[in-house]
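The values are calculated or read from the model by the stated rules, or taken from the named source; none is laboratory data. Just so you know, these numbers come straight off a predicted model, no measurement behind them. Backbone-built Cβ (ideal geometry, glycine too); neighbour counts: all protein chains shown.
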């Protein structure tokens, strides 16, 4: 276990380093990339631009710039170019918003997928199965932007069951949840569709396994066979998917939902930074996402070991 | 005669597929008595596994169709409700499957898998059930059973896993034990031990055993009576001696002839029955074996009844139009029982 942790930590460091280099380097090759100009403003004189360039170190070689920027990132002093705001503070402030959106949505999509996938597999070929699977296809196919807009139109504007947009802090949990229900649904639907289909096909494969037949031959009820023997073995693929989807979502991939519902999370911040070619927030966002992917990858591997005794953690 | 445990009459099982109705089991009848080992032999796809799985209701599904009857005591299994079958499975009829590697759940401890079965049928505490599980494992010859009960299947060898399957099957002293090719996946030395185990344990508990196999050597070791199946039908049944020394159906001759024997000089070529079994979606009219039978004649296009060869020898039945005397003359090939590859008629 210690060996596993050490090896994972080392590979995580390597990955984070590589991510930061790639992201930083990518901007050097963008033709219109001129951070000094962006900071100095549209009407700045060439002298001002040159002054900014010197002050921020943009005249130095790329590797020096990289080292300086990374120093600032890890001392928490890095500022963005668009608003002169401290990037780490921004992420710290926005992260609870993103987590408020993604964590309950994740529980929702995983839970619903297990329920719908199970129901569908148990009733395979019958009406319930077909209805669920068609709904799943619709859920997978519908763009998040459109779904979010439709939810807003019907439930917030027409029926006025839910507030229009915006975020309320957790200090008032009822308002917090009330404002987030539609975003949770918007974010969860796509994954419910995907996951329930994957789970269903896994369960149907499982139904033909010899040990499932043995379980039935032992005289267990359908429910017991399903819970103890089929479901547990079919959860692996969607747990893997969940780890990665969840990691990228809290790293900022929920940006569309954040944008439509006007939630000031890190996805929105990253999106506007990309639009402005604002390197520091993008760099921090990329490092954060990579960190979460590695973290959840390791957690999944540990979970695998618990679910399947044949798997031993060696890193 | 010993108590009759199981009576199967005109059992039919078919599966609806895209290519049509597959008649996997087509009018199978036999009986099983207490303390008796009945072997069902036949090649792959002859319907032997489907027959025994149907007895446990394991072939039920959206596309399955059933006919005939299978009675366990006074309980009808073919039409029994799922809840009723759940009480029968594991407790009154238990099954040992072919592949012990894949037949145990890979993620559950061995002891727990036995406990699960005991507790599905009896209201006992987990601890008490575990004590019984350990006892069963000792009975089937698993050393250090108390410790081994905490292991997972992948920590067991193939032979040990099959012993676990036997312990599982015997855990509630079922009256009927079905063994579906239990030794096929094992090497020969382990095979002999497992066979011995099955035979001895079933005698101790005086249950009836149905032994499904395509291995005639195994049949000779273990069976009291033999049922020969071909293309979903029983073509011959009788006692072990009747089937091995006085076989009546040309298919049985072919089966016996295709076994290499250590007490005879090796044949130049391993004898085989020419041709392939018929499609079960569209079986031939009349005798199912006729297209491959070198002795067929015009009457074979009518289905021969399963009937006693000699009136009075009630147990020995076969399904062939040939006269008894004819058969005796024609089943000798090079001094032993076999099926001539060229048509003699």
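Points worth noting:
- One residue from A:18, A:5 being within 25 Å of the chain's Cα centre (by Cα), at pLDDT below 85 and part of a helix (DSSP H, G or I): A:5
- Restricting attention to the range A:251-281, the residues being on the phi < 0 side of the Ramachandran plot and assigned to a helix (DSSP H, G or I) number 21.
- Sole exception among (1) in contact with a helix residue (DSSP H, G or I) (Cβ under 8 Å, 6 or more places away or on another chain); (2) not in a helix (DSSP H, G or I) for residue A:69, by number: (2)
- Looking only at the range B:97-117, and only at residues there that are at the interface with chain A (Cβ under 7 Å from one of its Cβ atoms) and part of a loop (DSSP other than H, G, I, E, B), the one that is surrounded by the most Cβ atoms within 10 Å (Cβ to Cβ): B:103
- Test for residue B:38: is it assigned to a strand (DSSP E or B) and closer than 17 Å to residue B:216 by Cα: yes
- Failed condition for residue A:84, given (1) in contact with a strand residue (DSSP E or B) (Cβ under 6 Å, 6 or more places away or on another chain); (2) on the phi > 0 side of the Ramachandran plot: (1)
- Test: residue in the range B:50-67 that is within 22 Å of residue B:149 (Cα to Cα), at the interface with another protein chain (Cβ under 9 Å from one of its Cβ atoms) and part of a helix (DSSP H, G or I): no
- Of all the listed residues (B:86, B:135), the sole one being facing chain A (nearest Cβ under 9 Å) and either within 15 Å of residue A:211 (Cα to Cα) or part of a helix (DSSP H, G or I) (or both) is B:86.
- Meets criteria (away from chain B (no Cβ under 14 Å), over 30 Å from residue A:56 (Cα atoms) and part of a helix (DSSP H, G or I)) for residue A:240: yes
- Of everything in the range B:183-218 that is in a loop (DSSP other than H, G, I, E, B) and touching a strand residue (DSSP E or B) at 6+ places or on another chain (Cβ under 7 Å), the residue that is surrounded by the fewest Cβ atoms within 10 Å (Cβ to Cβ) is B:214.
- Screening A:147, A:203 for residues that are part of a helix (DSSP H, G or I), away from chain B (no Cβ under 14 Å), buried (at least 16 other Cβ atoms within 10 Å of the Cβ) and in contact (Cβ under 8 Å) with a residue 60 or more places away in the chain leaves exactly one candidate, A:203.
- Selection status of residue A:255, more than 14 Å from chain B (Cβ to nearest Cβ), in contact with a helix residue (DSSP H, G or I) (Cβ under 8 Å, 6 or more places away or on another chain) and at pLDDT below 90: yes
- Verdict on residue A:250 being touching a helix residue (DSSP H, G or I) at 6+ places or on another chain (Cβ under 9 Å) and buried (at least 17 other Cβ atoms within 10 Å of the Cβ): yes
- Breaking point among (1) free of Cβ contacts under 8 Å to residues at least 60 places away in the same chain; (2) in a helix (DSSP H, G or I); (3) within 14 Å of chain B (Cβ to nearest Cβ), for residue A:220: (2)
- Only one of the numbered conditions (1) away from chain A (no Cβ under 11 Å); (2) part of a loop (DSSP other than H, G, I, E, B); (3) crowded, with 16+ Cβ neighbours inside 10 Å is not met by residue B:124, and that is (3).
- Matching residues in the range B:299-345 - criterion: being in contact with a helix residue (DSSP H, G or I) (Cβ under 6 Å, 6 or more places away or on another chain) and either modelled with pLDDT of 75 or more or not in a loop (DSSP other than H, G, I, E, B) (or both): B:300, B:316, B:321, B:331, B:337, B:338, B:339
- Hey, residue B:94 within 14 Å of chain A (Cβ to nearest Cβ) and either more than 16 Å from residue A:310 (Cβ to Cβ) or crowded, with 19+ Cβ neighbours inside 10 Å (or both) or not: yes
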